[in-house]
Amino acid sequence: MKSVRPVQISGVGCYVPDRILTNQELERMVDTSDEWILQRTGISERHIVDRGTATSDMAEQAVRKLCNSTQLALSEIELLIVATVTPDMFFPATACLLQDKLGISRTWGFDLSAACCGFVYSLSVGAAFVAAGLHSKVVVVGSDTMSSIVDYQDRATCVLFGDGAGAVLLEPAKDENNALIDFYHEVDGSGGADLQMPAGGSLLPSSCETVKNRLHYVKQEGQAVFKFAIRKMEEASRTILARNQFRPQDIQLLIPHQANARIIRGTAERLCLQEDQFIVNLDQYGNTTAATIPLAMQDAINLERLKKGDLVLLASVGAGFTVGTALLRWAF
Ligand code: UT7
């Protein structure tokens, strides 16, 4: 192991499928209304893959876009980390399938399962490889095909999720002042039952019974998750800021996991953030699980809401329960 060196995010690449599922279409599928979905979640539409398109396909597109925007040659990628709860299959890992699709035979990689915190957790793992001097070009991908595990007969969950992928490049920082600063994560496994896909694993292997009982879909205790999320988004954000001698008002941009606009706005309110200090883009994408943060990063770049040197906070809460935060100075 070599000595610790500063690490930067050098670029972002994202992909969402063309097909859009609107609230109006959902009104025709389940007993819901555009008004309810908008008021309770802030979501207007989400992108959904066509049958046969998998998580690795979206990840491939995101990585190719990342390479275009950063002038990174695919062959330069040393390590691929794929955050997902909707892998193409149990095994091999989606990272292996992605490596093959990208045709980069000398790259290694693995998947990381942390639901909505998958991207932030993967970022900390990837950054550790770069910081330790073990790798200089690490690509972290958040990719989830939530439509493959959502029950389109369950109005409480089917309105929430969408499909998408986002990738970032981690490299040694060119300027140590504009680099990743810190990560702060927590797990509270006692909340596991509040958000899960019950069947298909070793506990409840797939059977006619599990299919009949619709146990291969996302099940959520919405209010329990909501309460945990709004509390922990604030607490974890305050913890990572305080231990780095920052205050909420020092942040240029909070890029939160996009699960519910009420959670994001509630968190922003508790942290006393102004409207221009946080980004909400779930109206167009819904909750894409591991992809929400890179998708929001990309939108912030497109909207010129990120500039070199900005203090950026990433914050997420998800199934597990998992809590993930990252603090950084934007590097480009
Ligand atoms: O990313 C992973 C983390 N996940 C989250 O952060 C999600 C956290 N939870 C939430 O965002 C919210 O709890 C939801 C958006 C899922 C639900 O909002 P809510 O305000 O907590 O609604 P609720 O579950 O308390 O339901 C209120 C009512 C219920 O009817 P009754 O019992 O009051 O008659 C539900 O049956 O709304 C009903 N309802 C719906 N009505 C129309 C639930 N889903 C729908 C729907 N359309 N799609």
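The values are calculated or read from the model by the stated rules, or taken from the named source; none is laboratory data. Model, not experiment: these values are computed from the prediction. Methodologically, a virtual Cβ is constructed for each residue, glycine included, from the backbone with ideal geometry; neighbour enumeration extends over all protein chains shown. Keep in mind that these areas ignore ligands, DNA and RNA; they rest on the heavy atoms of the full protein, side chains included. Shrake-Rupley method; radii C 1.70, N 1.55, O 1.52, S 1.80 Å.
Can you send over the carbon and sulfur percentage of the accessible area for the chain, probe radius 1.4 Å, protein chains only?
Of the solvent-accessible surface of the chain, carbon and sulfur hold 50 percent.
Report the charge-dipole magnitude of the chain in Debye, nearest 20, computed about the Cα centre from +1 at each Lys and Arg Cβ and -1 at each Asp and Glu Cβ.
Around 640 debye, computed over the chain.
When ranked by the protection proxy of mean other Cβ atoms within 10 Å per residue, highest first, what sequence do the peptides 272-281, 72-81, 196-205 form?
In descending order of packing, they fall as 72-81, 272-281, 196-205.
Under the classification rounded if a/c is under 1.5, otherwise prolate if a/b is larger than b/c and oblate if not, where does the range 7-172 fall, given a ≥ b ≥ c as square roots of the Cα gyration tensor eigenvalues?
Prolate shape, in that a/c is at least 1.5 and a/b is the bigger ratio.
Can you tell me how much longer the chain between SER105 and GLU25 gets when fully stretched, taken as 0.36 nm per residue apart minus their C-alpha distance, in nm with one decimal?
Full extension of this stretch gives 24.6 nm more.
So which residue, out of SER105, SER237, SER316, gets the largest mean-square fluctuation from a GNM of the chain using Cα contacts under 10 Å as springs?
SER105
If I model the chain as equal point scatterers sitting on the Cα atoms and use the Debye formula, what is log10 I(q)/I(0) at q = 0.14 Å⁻¹?
-1.09
Mean residue ellipticity at 222 nm from the helices of the chain, using -39,500 (n - 2.57) per DSSP H segment of n ≥ 4 over the full residue count, to the nearest 500 deg cm²/dmol?
So the helix-based figure for the chain works out to -9500 deg cm²/dmol.
The range 262-324 to the range 7-64: how many Å between their Cα centroids?
Each part's Cα centre sits 16 Å from the other's.
Quote the FRET efficiency, to the nearest 0.05, computed for ARG231 versus SER75 with a Förster distance R0 of 41 Å and r equal to the Cβ-Cβ distance.
Here the calculated transfer efficiency is 0.35.
Relative contact order for the chain: what percent, with Cα pairs under 8 Å and sequence separation of 6 or more?
25
Connecting C-alpha atoms closer than 10 Å in a GNM of the chain, tell me which of THR41, THR210, THR32 has the biggest fluctuation.
Fluctuation is largest for THR210.
Given Cα pairs under 8 Å that are at least 6 residues apart, what percent is the relative contact order of the range 7-172?
34
Under the classification rounded if a/c is under 1.5, otherwise prolate if a/b is larger than b/c and oblate if not, where does the range 243-322 fall, given a ≥ b ≥ c as square roots of the Cα gyration tensor eigenvalues?
It comes out oblate by the Cα gyration axes.
Over the range 110-167, calculate the relative contact order: mean separation of alpha carbon pairs under 8 Å at least 6 apart, over the residue count, as a percent.
28
Any idea which of PHE183, GLY200, ASN260 is furthest toward the positive side of the dipole for the chain, if Lys and Arg beta-carbons carry +1 and Asp and Glu beta-carbons -1?
PHE183
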